[in-house]
Amino acid sequence: MRELCLRLSNDVTKEHVLLFGLSADPPTGERGHLGLVRWAAERVQFPELSRPVDRIWVLPVHRHAFTAKSSLSPFVHRLAMARTCFGDLQSRIPVEVSDMERELAQRGDGPIGTIDLVEYLEAQHVGIQLSLLLGADTANDLFTHRWRRAEELLQRVGVLVVPRVGVPLGEGVHNRVCKDAPALGAVSSTEARMASGHALRALVTPAVATYIERHELYPKEAM
């Protein structure tokens, strides 16, 4: 992340950055996380956002703010899998994986909220424009104010929502949904944690599957 900051600090252009947060436990492949990011990085322009996107930052969660989702694999593995999944993505705009949440966690105590990330970026890069790429389930949480300082966050960033199979859209979310986005939910990280062999490779990229096997991640789920 420090390299990203250095590159942007000397750039007078006010960039529009689309932030995509995920647990990355593990990141799913072309029918999931990777396919969604590839779609966004190729499309670039969205009626739901005020201007075209200049780059995408993929942000693995350091520690989840919701207790029900707090049992994550070690961050070092999730960051490595995210970089393996998205690192070589060729697209119209740059896609970069950042360890920003770990960096922020080292500066204070407790889980990092999205509003903390936004404040940090806005302080580091004056004039930067930020938007969030969200699945319908996380967007519902945001628009029902389950996120910390949700109302303030909604005033500060753009929001681009993609539908998720089986998840109804809550109040306020409909007008943020990109109608031609690939729907999430065909594959899931939970399913990937339970899979092995060919089944695992159908859910994640071959390189991520190899990483999982090499480091013997998710042994209980795979049994």
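No lab work stands behind these numbers, since they all come straight from the coordinates. Only a predicted model underlies this, so the values are computations on that prediction, with no experimental measurement involved. Don't worry about glycine lacking a Cβ; one is built from the backbone with ideal geometry, like all the others, and counts go over all protein chains shown.
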* Charge dipole (the range 2-216, unit charges on Cβ, about Cα centre) - positive-most of Val159, Gly135, His145 -> Gly135
* Largest-first principal axis extents, alpha carbons of the range 19-123, Å -> 37, 31, 22
* Kindly provide the helix-only [θ] at 222 nm of the chain, computed as the sum of -39,500 (n - 2.57) over DSSP H runs of four or more divided by all residues, to the nearest 500 deg cm²/dmol? => -10500 deg cm²/dmol
* For Arg149, net neighbour charge (Lys/Arg +1, Asp/Glu -1) across residues whose Cβ lies under 15 Å away -> -3
* What angle do you read, to the nearest 10 degrees and between 0 and 90, between the alpha-carbon axis of helix 114-124 and the longest principal axis of the chain? -> 50 degrees
* Asked: Taking a spot 7 Å from the Cα of Arg43 along the direction of its beta carbon, which residues of the range 128-158 have an amide N less than 16 Å from it?
  -> 131-137, 139, 158
* Any idea what the relative contact order of the chain is, in percent, if you count C-alpha pairs under 8 Å spaced at least 6 apart? -> 26 percent
* Evaluated at 20 °C with a viscosity of 1.002 mPa s, what Stokes-Einstein diffusion coefficient in µm²/s does the chain have when Rh comes from the Kirkwood expression over alpha-carbon pairs? -> 120 µm²/s
* Sequence of Lys179, Lys14 once ranked by neighbouring C-beta atoms within 10 Å, starting from the fewest -> Lys179, Lys14
* Asked: With axes computed from alpha carbons, what is the tilt in degrees of helix 75-86 against the longest principal axis of the chain, rounded to the nearest 10 within 0 to 90?
  -> 80 degrees
* **Karplus-derived 3J(HN,Hα), 6.51/-1.76/1.60, for each residue of the range 160-165, Hz, glycine and proline x** => 10, 10, 10, x, 10, 4
* Asked: If you take every DSSP beta bridge whose two residues both sit in the range 2-216, what share of them, in percent to the nearest 5, is antiparallel?
  -> 0 percent
* Using a simple spin-label model with points 7 Å from Cα along the Cα→Cβ vector, what separation in nm is obtained for His215 and Glu171? -> 4.2 nm
* **Three-way shape call for the range 114-191 based on the alpha-carbon gyration tensor, with the a/c threshold at 1.5** => prolate
* Return the FRET efficiency for the residue pair Glu152, Ser23: r is the Cβ-Cβ distance, R0 is 25 Å, and the value is rounded to the nearest 0.05. => 0.55
* To do: Provide Met81, Met194 in ascending order of the number of other Cβ atoms located within 10 Å of each residue's Cβ, fewest first.
  => Met194, Met81
* What ranking do 91-101, 37-47 get when scored by the average of other Cβ atoms within 10 Å per residue, highest first? -> 91-101, 37-47
